[in-house]
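Presented below is the structure to which this report refers.
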Amino acid sequence: MQIKCNVLDRQFQMYQQEYEEAALRVLRSGWYVLGNEVARFEEEFAAYTGRKYCVGLNSGLDALVMSVRALGIGAGDEVLVQSNTYIATVIGITENGATPVFVEPDEYFNIDAERLEAAITDKTKAIMVTHLYGQASNMDKIVDIADRHGLPVLEDCAQSHGARFHGKMTGTFGISGCFSFYPTKNLGAFGDAGAVVTDDEVFAEQIRMMRNYGSRERYHNEIEGMNSRLDELQAALLRVKLTHLDALNEERRVLADRYDRGISNSKIIKPQIREEADSIYHQYVIRCAERDALSWYLAENDIQTQIHYPIPPHLAQCYQQLGGKKGDYPIAEQYANEVLSLPIYTGMTEAEQAYVIEKVNAF
Ligand SMILES: *Cc1c(COP(=O)(O)O)cnc(C)c1O
């Protein structure tokens, strides 16, 4: 049996008729960028998350870059960010000329709230939190620390659409919830797309202007903006998928539960979920000291796996000028050497999963 790490067309086939109708509606409408579909999606996604405003954008990275910019954060400012996040979270900071200050993760792969306060300096301007792999970060503690220091919280929700902490949706704890709708995400489009959600009217208006060359009124450019407009086609397709998001997340929880119950290899540490949090299992990430041997063994058995992520940002080639060295963030480095994402996707069959479990246990 051949198992890929991701199979995207199964979820398309599940809702094929709805997707095709939505796509044709846009193609026939004669309006393709920032129109009715985008406006409706923004309303619907704001309502889903429970926030007042949603601004549709081109990508998750844009949501991060623009959120940092809208807070006026730039050169000389520091932003706290976890040391094991995806590079895009960090680019959201450095693209504005600000300096990322890395904070090690906890055993749930999220920023360790216990280490946060020690990293705050008089240059710290924000705390950036990534709800990595689909699990909410320790938001009670993080928000408490942020409030005591008067710091805004930005949430990278690219992997946490619908994930909650104490029943409260990720993306609603800070000023800005930054979402990516890249095709592999739990709420994935059929191309690039992203959004910011917020309750702050002025902040929403800044992002809205920024995405369209800094203008509210056409050709009246109030700020130096960019082009991060959301397509009608993606918005229409996202509207379809949003109506199924809870069911799709639930399916992943069932898949994760089967992995939890089925995997019994003592060499493997299964993902742990914080009591107050749930996970939408964007990824099912195990740890194994012999990770590379395990991934080779699975590959030999035709099972694809992925590593999220093999190189922590402080060791990335693009950030050499920040002066990060091996040993600076030992937990992030250990995770980079030990994590392995097992296949988990919409429409994964019991037989496919049983095969993965069998081989993982046989390693
Ligand atoms: C996917 C992802 C992003 C970037 O989203 P794009 O839409 O690809 O720009 C940012 N942060 C995290 C954690 C991600 O997984």
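Can you name the residue in the range 54-75 that is open to solvent by 50 Å² or more (accessible area, probe 1.4 Å) and in a helix (DSSP H, G or I) and is also farthest from the ligand (Cβ to nearest atom) among such residues? This residue is ARG69.
Among the criteria (1) in a loop (DSSP other than H, G, I, E, B); (2) out of contact with any Asp or Glu (no Cβ under 8 Å at 6 or more places or on another chain), the one GLY171 does not fulfil is (2). The residues of the range 166-190 that are at positive phi and surrounded by fewer than 21 Cβ atoms within 10 Å (Cβ to Cβ), listed by number, are HIS166, GLY167.
Looking at the range 76-90, is at least one residue touching a Gly at 6+ places or on another chain (Cβ under 8 Å), without any contact (Cβ under 8 Å) to a residue 40 or more places away in the chain and within 16 Å of the ligand (Cβ to nearest atom)? The answer is no, given that none of the residues of the range 76-90 is touching a Gly at 6+ places or on another chain (Cβ under 8 Å), without any contact (Cβ under 8 Å) to a residue 40 or more places away in the chain and within 16 Å of the ligand (Cβ to nearest atom).
Residue count for the range 158-175, restricted to those that are under 21 Å from ALA70 (Cα atoms), within 13 Å of the ligand (Cβ to nearest atom) and in contact (Cβ under 8 Å) with a residue 40 or more places away in the chain: 2.
Residues that are open to solvent by 40 Å² or more (accessible area, probe 1.4 Å) and under 30 Å from ALA247 (Cα atoms) within the range 305-354 comprise GLN306, ILE307, TYR309, THR349, GLU350, ALA351, ALA354, listed in sequence order. Scanning the range 91-108 for residues that are small (Gly, Ala, Ser) and away from the ligand (no atom under 16 Å from the Cβ) gives GLY97, ALA98.
The values are calculated or read from the model by the stated rules, or taken from the named source; none is laboratory data. Because the structure is predicted, anything quoted here is derived from the model rather than measured. Here the Cβ is made from the backbone with ideal geometry for all residues, glycine too, and neighbour counts use every protein chain on show. All accessible areas refer to the heavy atoms of the entire protein, side chains included, with ligands and DNA or RNA removed. Shrake-Rupley method; radii C 1.70, N 1.55, O 1.52, S 1.80 Å.
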